[in-house]
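Note sheet for the following structure.
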Amino acid sequence: MKYQALKGMMDILPDQVWKWQFVESVSRNIFNRFNFQEIRTPILESLPLFQRSIGEETDIVQKEMFQFKDRGDRDVVMRPEVTASVVRAFVEHQLKDGKLYYIGASFRAERPQAGRFRQFHQVGAELIGGKNPEDDVLLLKVLTALLAGLGLRRYQLKINSVGCQTTCRPEYRKVLKEYLKQKHAHLCENCQRRIETNIIRIFDCKVEGCQKAIEGAPRVLDHLCKPCEEHFAKVKELLDHEKDIPYQIEPRIVRGLDYYNRTVFEVSHDALGAQNAVGGGGRYDTLVGELGGSKDIGACGFACGMERLLMALDSEEGFKTEESAQRLRCGLIYLCVLGGNPELKTAARKIQGQLRGADFRVEELAAEDKPLKKHLEIANRLHALFVLILGEDEFREGTVSVKDMNSGTQEKIKLDAIETYLKGRLVSR
Ligand code: AMP
């Protein structure tokens, strides 16, 4: 019997994990600059949480959730997204500061394909507390700072407003329904059903006939009530002041989940193919109230797919995946002893301990003696940045030879200066 990971679920192996750590550390750094705090919520949540928040009539709730009965016969769900969990935690713990971010896995039983997995990872932020357009813009500032921090350039940020649930949407649904009735025969079976259940989702359908049918459809932007129109105008005005947030208005972006209102947005990347959304989000002013909190608390948020971010980054110039960059990133030191003199080994162990104590990353000293060539082969395989060589000469002189594995150069350094030397070399890179 051969065991394999489940369909659509990936192992992230050690030779790739640095990329994940890179995205995680850049994300933490950017969120920190904006004073967003990390929140970690459980993977498993109760079924009604998502039925209530995402909406019964969505693909996620109807078809894509990993849901089951636990041993106590309770309906539980592996979270298909994180926003609902964060809002639940915000309400449950009566948090005061709603500037929150998360990094973690979500699960959707979709048909796996390039860029689409059943376990995927998101980095996201929620700004719970206000209903002002300034908040939408702050969130978009955080999002674009994150993308820039990662080195992503060839992306498009598209924004739209889907209005409010009370005035704009009921009105718009009627107009859209009227229009789509004439196109009924051109719609896929799902969308024919959606006309009755969740008509706005038709904009998200990838079937060609449906895409064509909605080309000339009325736009929700033209059916906003006065307050929603003013809100969107203010968001655009503020965004225009921020010179470094390039955005386009895209009236077809509606975001499928029920909880969105007013501003919605998506980030796409042209290197990604069919699944080209790197991230998305928007305002969700009614969710806190829906989940038991105060109805006056508005909120907005975004989530980026980490797999997609990495795929996009791989296509960007300047994202260094090559060997030399990998060495720099891990900064590994490989220490070796030449000849069989046990005194040298003792000295080398001391250096090893001293360097680890000073926070360097040091491979464990080899148990067996080997010729230098063998040591270098191993160091190379481990992507070591420096090889420290302690031979009889070095031992006598109180030095160690340091070979830079990227440049191939080698020099002798006094043992009492080795820490400062290595630190300097690591920082100057
Ligand atoms: P959504 O809220 O569905 O728009 O998800 C936010 C982001 O998560 C998307 O823009 C994708 O980058 C990512 N994402 C969503 N579903 C998947 C999936 N099944 N596999 C990989 N990434 C996903």
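A compact table of results
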item	result
Where Tyr101 falls short, out of the listed (1) within 14 Å of the ligand (Cβ to nearest atom); (2) within 16 Å of Thr41 (Cα to Cα)	(1)
Residues (closer than 24 Å to Met9 by Cβ and in a loop (DSSP other than H, G, I, E, B)) located in the stretch 96-134	Arg108, Ala109, Glu110, Arg111, Pro112, Ala114, Gly115, Phe117, Arg118
Qualifying residue in the stretch 262-279 (condition: of a type in the set (S, T, N, Q), assigned by TED's automatic domain parsing to the domain that holds Leu47, out of contact with any Asp or Glu (no Cβ under 6 Å at 6 or more places or on another chain) and more than 16 Å from the ligand (Cβ to nearest atom))	no
Options Ile214, Ile245, Ile253; residue that is away from the ligand (no atom under 15 Å from the Cβ) and closer than 22 Å to Gly124 by Cβ	Ile245
Count of the stretch 201-217 residues which are crowded, with 16+ Cβ neighbours inside 10 Å and assigned to a loop (DSSP other than H, G, I, E, B)	3
Residues of the stretch 160-193 classified as surrounded by 21 or more Cβ atoms within 10 Å (Cβ to Cβ), part of a helix (DSSP H, G or I) and in contact (Cβ under 8 Å) with a residue 40 or more places away in the chain, total	4
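Residue-wise test of (1) at positive phi; (2) among the acidic types (Asp, Glu); (3) surrounded by fewer than 16 Cβ atoms within 10 Å (Cβ to Cβ); (4) under 26 Å from the mean Cα position of the chain (by Cα).
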site	(1), (2), (3), (4)
His231	no, no, no, no
Glu242	no, yes, yes, yes
Asp258	no, yes, no, yes
Asn276	no, no, no, yes
Leu291	no, no, no, yes
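The rows are residues; the columns are (1) of a type in the set (Lys, Arg); (2) within 12 Å of the ligand (Cβ to nearest atom).
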| position | (1), (2) |
| --- | --- |
| Arg111 | yes, yes |
| Ala114 | no, yes |
| Gln119 | no, yes |
| Glu134 | no, no |
| Ala145 | no, no |
| Leu152 | no, no |
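The values are calculated or read from the model by the stated rules, or taken from the named source; none is laboratory data. As the structure is a computational prediction, the values presented were derived from the model and not from experiment. As a convention, Cβ positions derive from the backbone with ideal geometry for all residues, glycine included, and neighbour counts pool all protein chains shown.
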